[in-house]
Amino acid sequence: MQCPKCHAGMVGYQRDGILIEQCMVCRAVLIGEYELVRLVETCGCTLPPPLPSNGHGGRHYEGRHRRN
Ligand SMILES: [Zn+2]
């Protein structure tokens, strides 16, 4: 996976069974929608309402078409 900000490679790691991907260059963090819910449940925080434009279960990042 590529960073949506600087397009560097991202490193995925697991924390408490939750997959998180982080850019080692600009420190951006990507997290899947399912993982976000899990994380919120784990920490006891409240989850903000989902974005209405993201209705297809994708991840919250841009630049997906720039794969090369
Ligand atoms: Zn980056």
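The 3J(HN,Hα) values that the Karplus relation (6.51, -1.76, 1.60; θ = phi - 60°) gives for region 27-35 are, in residue order, 6, 5, 10, 10, 9, x, 5, 5, 5 Hz. Gly and Pro appear as x. Extension gain, Cys43 to Met24: 0.36 nm times the residue separation minus the Cα-Cα distance gives 4.4 nm.
Here, each number is a calculation from the coordinates, and none is a lab measurement. Nothing here was measured: the structure is a model prediction, and the numbers come from that model.
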